[in-house]
Amino acid sequence: DAGITQSPRHKVTETGTPVTLRCHQTENHRYMYWYRQDPGHGLRLIHYSYGVKDTDKGEVSDGYSVSRSKTEDFLLTLESATSSQTSVYFCAISGTGLEAFFGQGTRLTVV
Amino acid sequence: AQRVTQPEKLLSVFKGAPVELKCNYSYSGSPELFWYVQYSRQRLQLLLRHISRESIKGFTADLNKGETSFHLKKPFAQEEDSAMYYCALRQGGANNLFFGTGTRLTVIP
């Protein structure tokens, strides 16, 4: 498996609280991504990064922000969590090749 | 805009039967298409990419530009093929992948 880890793996939080999910890679890949996986929607791109401090919005970026201060870390922040953000979040990385490698996912529940 | 369409949410076949998971795409340029698979309790992983024209675990997929399709096929399904399958289109300079909604394949013993 590619060296990519997500933390935490599970989290339950209350509506209105801030939440930060972390993606850490040891592959020195340039590109990093955050997806959410929901039944009936598949995986949808939230934000992506193409280098340190270089990020951009994906398909479903409202309510989310990201930061990448180091090559190896890509943080996803929900500033004020809502129930609609209950989902499974996946981080992915890719380098010069076309293959993307995925983390094991973070199951987030907003109550 | 819907870039990738997987019309079947669920697909069940008997062991040994042929299986075809459908994928259609919409893209004006030269598409780069992939199939990813997620086995139970495992992370998403690449199964096939169209440019390599390879066969992995007995699966093949041919890009048909005329029909804008990239269907995944296997002549004889095995129980271990039961999983969630996603078709994906690469678009954009950052290798962004856009996924279909997925098809859950169940192979019945």
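The values are calculated or read from the model by the stated rules, or taken from the named source; none is laboratory data. Remember, predicted model here, so these are calculated numbers, not experimental data. Neighbour counts run over all protein chains shown; Cβ positions are idealised from the backbone, glycine included.
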Can you pull out the residues in region A:80-111 that are in a loop (DSSP other than H, G, I, E, B), within 14 Å of the chain's Cα centre (by Cα) and on the phi < 0 side of the Ramachandran plot? A:86, A:100, A:103, A:104
Give me a count of the residues in region B:43-62 that are away from chain A (no Cβ under 14 Å) and surrounded by 13 or more Cβ atoms within 10 Å (Cβ to Cβ). 4
Considering only region A:77-98, how many residues are under 18 Å from residue A:51 (Cα atoms) and at the interface with chain B (Cβ under 8 Å from one of its Cβ atoms)? 3
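Okay, residues lined up against (1) within 11 Å of chain A (Cβ to nearest Cβ); (2) surrounded by 14 or more Cβ atoms within 10 Å (Cβ to Cβ); (3) outside any helix (DSSP H, G or I); (4) within 11 Å of the chain's Cα centre (by Cα):
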position	(1), (2), (3), (4)
B:67	no, no, yes, no
B:87	yes, yes, yes, yes
B:95	yes, yes, yes, no
B:104	yes, yes, yes, yes
Residues to consider are A:101, A:74; find the one that is within 11 Å of chain B (Cβ to nearest Cβ) and not aliphatic (A, V, I, L, M). A:101
Quick check: anything in region A:79-102 under 18 Å from residue A:11 (Cβ atoms), free of Cβ contacts under 8 Å to residues at least 60 places away in the same chain and touching a His at 6+ places or on another chain (Cβ under 6 Å)? no
Somewhere in region A:36-56, is a residue basic (Lys, Arg), touching a Pro at 6+ places or on another chain (Cβ under 9 Å) and in contact (Cβ under 8 Å) with a residue 40 or more places away in the chain? no
From the list A:58, A:40, which one is at pLDDT below 95 and surrounded by fewer than 18 Cβ atoms within 10 Å (Cβ to Cβ)? A:40
Take residue B:33 and decide whether it is buried (at least 20 other Cβ atoms within 10 Å of the Cβ), in contact with a strand residue (DSSP E or B) (Cβ under 8 Å, 6 or more places away or on another chain), closer than 16 Å to residue B:5 by Cβ and away from every other protein chain (no Cβ under 13 Å). no
Consider region A:44-58. How many of its residues are closer than 10 Å to residue A:71 by Cα and facing chain B (nearest Cβ under 7 Å)? 1
Subset of region B:1-58 (residues that are part of a loop (DSSP other than H, G, I, E, B), closer than 23 Å to residue A:103 by Cβ and among the polar types (S, T, N, Q)): B:6, B:40, B:42
